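Step one of this worksheet: look at the structure below.
The values are calculated or read from the model by the stated rules, or taken from the named source; none is laboratory data. Values in this document were obtained by computation on a predicted structure and should not be read as measured data. Here the Cβ positions follow ideal geometry from the backbone for every residue, glycine too, while neighbour counts run over all protein chains shown.
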Amino acid sequence: MSCNDGDTNSDSEYHDTYKDNLTTNHEISVTFHVHMPENLDKSIHPLVVGNIKELGNWTRPVVELYQIELNSTYWVLDPVKIYVRGELPQYKYAVYRPQKPQ
C-alpha cells in the first residue's frame, strides 16, 4: 500500500508500522461477511472458525453469520472484538447444517 500525503515514510516503513500495530497486544473489531451461492441448499448456514478463543480455537465454532434479508445471498456477522495477542489471528469460513431439535 502506498501513501502519498507528503509523509516522508517509505512504503516499507509504512508496512512495518502496520504489521507492528497488528501484532501487538490490543483489541480490534472485525466484521465478517460473505455471499453464498444462490443454488445452495437453504438449510446450510455459513460460520467463521479460527485459531483464537473468540473464533472457537478451530474446535468449536462460536460465531454464526446471519442473512440481512430473507432469501438473500449476503450473510453478515455483527462486529466481533478480537484480542490480538502477539500474532495475527487465522480464520476460515465454513458451512454447516443445523440439527433439527429432537
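All conditions in (1) exposed (fewer than 12 other Cβ atoms within 10 Å of the Cβ); (2) modelled with pLDDT under 90; (3) in contact with a strand residue (DSSP E or B) (Cβ under 6 Å, 6 or more places away or on another chain) hold for LYS19, with the sole exception of (3). Looking only at the range 65-76, which residues are among the aliphatic types (A, V, I, L, M) and either free of Cβ contacts under 8 Å to residues at least 12 places away in the same chain or more than 18 Å from LEU40 (Cβ to Cβ) (or both)? Within the range 65-76, ILE68, LEU70 meet the criteria.
Figure legend. Inter-residue proximity from the range 85-97: first residues at positive phi, second residues loosely packed, with under 12 Cβ neighbours inside 10 Å and not aromatic (Phe, Trp, Tyr), beta-carbon distance below 8 Å, spacing 6+ or different chains. Indicated pairs: GLY86/THR24; GLY86/ASN25. Specify the residue that is nearest to the chain's Cα centre (by Cα); the eligible residues are those in the range 37-64 that are small (Gly, Ala, Ser) and surrounded by 17 or more Cβ atoms within 10 Å (Cβ to Cβ). Taking the candidates together, the pick is GLY50.
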